[in-house]
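Right, one structure below, let's go through it.
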Amino acid sequence: MRVWIDQDLCTGDGLCVDHCPDVFVLLEDGIAYVIEDGQVQNDPGGSGSLAAVTERNVSATIHAAELCPGECIFLEVEAAASGDEVPDFVDLTDDAAA
């Protein structure tokens, strides 16, 4: 899975960083960016800064995208090969019931 942020839509709330600091970072401009291998991917407003998401961060990245108030986090998932397990999306209804 790969992820990118449309900085034009980002509200700067930082919820993405709270949920997955290995993938997201807030910079001095108050806007969130994705990071990969410690490098900020900064092509504001474009998908030219796609960052690969490690398997251990997939669930948290999906959760961050679902909770983002600016709806600015975009996920690209490769089609699964036959027999590959596809990660489940986070069910937020469980959080609300707790």
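Where a number appears in this text, it was derived from the coordinates with a stated rule and is not lab data. From a predicted model like this one, the values you see are computed outputs, not experimental measurements. Don't worry about glycine lacking a Cβ; one is built from the backbone with ideal geometry, like all the others, and counts go over all protein chains shown.
Multiplying the sequence separation of Val77 and Asp8 by 0.36 nm and subtracting their Cα-Cα distance, what value in nm do you get?
Once the chain is fully extended between Val77 and Asp8, it gains 22.6 nm.
Taking K and R as +1 and D and E as -1, what net charge do the other residues with C-beta under 11 Å from the C-beta of Asn57 add up to?
Charge balance in the 11 Å sphere: -2.
Can you compute the modelled spin-label distance between Leu26 and Ser59, with each label point 7 Å from Cα toward Cβ, in nm?
Result for the modelled spin labels: 2.6 nm.
Each residue of segment 29-36 in order: what ³J(HN,Hα) in whole Hz does its phi give by Karplus 6.51 cos²θ - 1.76 cosθ + 1.60, θ = phi - 60°, with x for Gly and Pro?
7, x, 10, 7, 9, 8, 10, 9
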